[in-house]
1. Any residue in the stretch 102-122 that is within 26 Å of residue 58 (Cβ to Cβ) and surrounded by fewer than 24 Cβ atoms within 10 Å (Cβ to Cβ)?
2. Within the stretch 174-191, is even one residue crowded, with 17+ Cβ neighbours inside 10 Å, more than 29 Å from residue 285 (Cα to Cα) and at pLDDT below 95?
3. Does the stretch 217-229 contain at least one residue that is modelled with pLDDT of 95 or more, outside any loop (DSSP other than H, G, I, E, B), out of contact with any helix residue (DSSP H, G or I) (no Cβ under 9 Å at 6 or more places or on another chain) and closer than 13 Å to residue 186 by Cα?
4. Which one of the conditions (1) surrounded by fewer than 20 Cβ atoms within 10 Å (Cβ to Cβ); (2) touching a residue at least 12 places away in the same chain (Cβ under 8 Å) does residue 85 fail to meet, given that it meets all the rest?
5. Looking at (1) in a helix (DSSP H, G or I); (2) within 24 Å of residue 271 (Cβ to Cβ); (3) in contact with a strand residue (DSSP E or B) (Cβ under 8 Å, 6 or more places away or on another chain), which is the one condition that is false for residue 119?
6. All but one of (1) outside any loop (DSSP other than H, G, I, E, B); (2) free of Cβ contacts under 8 Å to residues at least 24 places away in the same chain; (3) surrounded by fewer than 17 Cβ atoms within 10 Å (Cβ to Cβ) hold for residue 209; which doesn't?
7. Which one of 281, 289, 233 is touching a residue at least 12 places away in the same chain (Cβ under 8 Å), out of contact with any helix residue (DSSP H, G or I) (no Cβ under 8 Å at 6 or more places or on another chain) and surrounded by fewer than 17 Cβ atoms within 10 Å (Cβ to Cβ)?
8. For the stretch 16-36, how many residues are in contact (Cβ under 8 Å) with a residue 60 or more places away in the chain and assigned to a loop (DSSP other than H, G, I, E, B)?
């Protein structure tokens, strides 16, 4: 794809016109950074993509990744599960887009169950439709997600045929691959992260909604290949989430790799402090074979 002549990073409005599925409600956008340098965001009503392109001197691979930060569908851990990852991808010649998506709230959404998915579908639609402008191959656009952002990424990967946004150009909403790091996969009680399920589906979700948003049960032979990372001692989101998704992918003969660590807990982002091993390097090797 050649070499980009300059480094570029910018924030793009996700929607050109009115944000779909939205209510007229005033909500303050809040961004805070703690003593550990972790930045968290709440109150997103106008979702955006923060774009990072390969810097000058780095060969553009033509690949792209849209990143969904985690946070239990309550906040966006936008630094260590978003911006840090995007910078590292761009340094490897992979265009990266951090999705600042709306968190499911009845106050700002007509149907909060589909709000995050709308933003994820629109993100891949936007990147694919502007791929040639940005030096991206239309068939090399993936989705990444951490924790609840992993649920969103897996939901896009299994629900891309059911458009919940306007799609007049019939642009494919299917990611070409997915990266899921300690992801929430299921809404089933024995697997799920309780906070994520409550925030997305409410206090008393219907059985139909539980099934619909339990992505291990939505896999088909057309689901994108996936690379997953999980620590065995994760008490927030059990590793059984990743195991169930990988089992479903393999059942349908879809390429899947699960990288596990004995320790690391939850929310470690790029750096599992219990090991010198870097999962990101393994992901790059896996992606190079796609």
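The values are calculated or read from the model by the stated rules, or taken from the named source; none is laboratory data. No experiment lies behind these values; they were computed from the predicted model shown. All Cβ positions, glycine included, derive from the backbone under ideal geometry; neighbour counts span all protein chains shown.
1. The answer is no, given that none of the residues of the stretch 102-122 is within 26 Å of residue 58 (Cβ to Cβ) and surrounded by fewer than 24 Cβ atoms within 10 Å (Cβ to Cβ).
2. Yes, the conditions are met somewhere in the stretch 174-191.
3. no
4. (1)
5. (2)
6. (2)
7. 233
8. 6
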